[in-house]
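See structure below.
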Amino acid sequence: MAPDGSESFTRVVPAPRPEGKVVVVMPAYNAEKTLEATFRDIDRDVVDEIVLVDDVSRDGTVALAERLGITTIRHERNRGYGGNQKTCYAAALERGADVVVMMHPDYQYDARLIPAMLQIMRLRICDVVLGCRIRNRREALRSGMPTWKYVANRALTITENVVLGQNLGDFHTGMRAYTREVLETIPFERNSDDFVFDSQFLVQAVHFGFTIGDIPVPCRYFDEASSIDFRRSTRYGLGTLGMLARFLGQKVGVSSALFAPKEPPPGPPPR
């Protein structure tokens, strides 16, 4: 019993994850106007390396990234948002990352929240941490989120929570953190090269049993912040619903390659 007569209990807190390498990856396309502001907000005391993958920008994104000392990878041809992330994660794993934070370089998300995301993961509370833009309707709309985009986000997020058994505030954020195990387990290389990559990844994370959580992240909307138009958003929404259908199909025996385990790396040649 506690001193006030209430029932007490012993709470076991997992030991923090051993310190490991943290890599921030930025899938970039025409981000020259916002890249430096995003970069300046990243706490280099907790981030070991920043990797930017440029998807054939038409502005000075690459030159600025190199001037800022960011590890920069250039695509020879435009591979799309999902294709860009595939390069981001492969590069981070090659560099020995233990935790990877994906962040749009458009200054829409508050990079100062990265240490909080990392602490949640180091305490083994979550394997995936998302930056939630929507704490309440008024704040989201006052930040500049278009009304149609807010309504679409709420409808999709509610549907995803119901189908996937989650309770997340924003499935469609551009600020996410993953453990190395998540990236080594999920066959993201098979995903779309388009924007629906993000939805596919989170559905896969649920399928493979990873714990997903989120934290509130203030968001900014302005002309230079990246966004997709209504037509592409519609295609993205339909792709997200299609991925949920695949998830349900997988549960009743209709298998999909998107949920098949990665093939193990080739072993040493026979002697």
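What follows draws every value from the coordinates through simple rules; no lab data is involved. Note that the structure is predicted; figures quoted are calculated from it, not measured. As a convention, Cβ positions derive from the backbone with ideal geometry for all residues, glycine included, and neighbour counts pool all protein chains shown.
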Q) Quick one: how many residues across the range 136-163 are part of a helix (DSSP H, G or I), free of Cβ contacts under 8 Å to residues at least 24 places away in the same chain and farther than 18 Å from residue 198 by Cβ? A) 8
Q. Hey, does the range 229-242 have a residue that's more than 30 Å from residue 59 (Cα to Cα) and touching a Leu at 6+ places or on another chain (Cβ under 9 Å)?
A. yes
Q: Filter the range 58-71 for residues that are within 24 Å of the chain's Cα centre (by Cα) and under 17 Å from residue 33 (Cα atoms) and give the result.
A: 61, 62, 64, 65, 66, 68, 69, 70
Q: Take the range 81-100 and flag every residue that is over 14 Å from the mean Cα position of the chain (by Cα), more than 14 Å from residue 189 (Cβ to Cβ) and not hydrophobic (A, V, I, L, M, F, W, C).
A: 95, 96, 98
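State the number of residues belonging to the range 182-204 that are more than 22 Å from residue 96 (Cβ to Cβ) and not charged (D, E, K, R). Working first, answer last.
Here is the first cut: in the range 182-204, the ones more than 22 Å from residue 96 (Cβ to Cβ) are 190-200, 202-204.
Remaining after also requiring not charged (D, E, K, R): 191-192, 195-197, 199-200, 202-204.
Residues in the range 182-204 being more than 22 Å from residue 96 (Cβ to Cβ) and not charged (D, E, K, R): 10 in total.
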(Q) For a quick check of your reading of the model, give me the residue pairs whose first member lies in the range 80-101 and is crowded, with 22+ Cβ neighbours inside 10 Å, whose second is among the small types (Gly, Ala, Ser) and part of a helix (DSSP H, G or I), with beta-carbon atoms closer than 8 Å and at least 6 apart or on different chains. (A) 100/92
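Matching residues to (1) in contact (Cβ under 8 Å) with a residue 60 or more places away in the chain; (2) in contact with a Phe, Trp or Tyr (Cβ under 7 Å, 6 or more places away or on another chain):
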{"position": "109", "(1), (2)": "yes, no"}
{"position": "134", "(1), (2)": "no, no"}
{"position": "168", "(1), (2)": "no, no"}
{"position": "188", "(1), (2)": "yes, yes"}
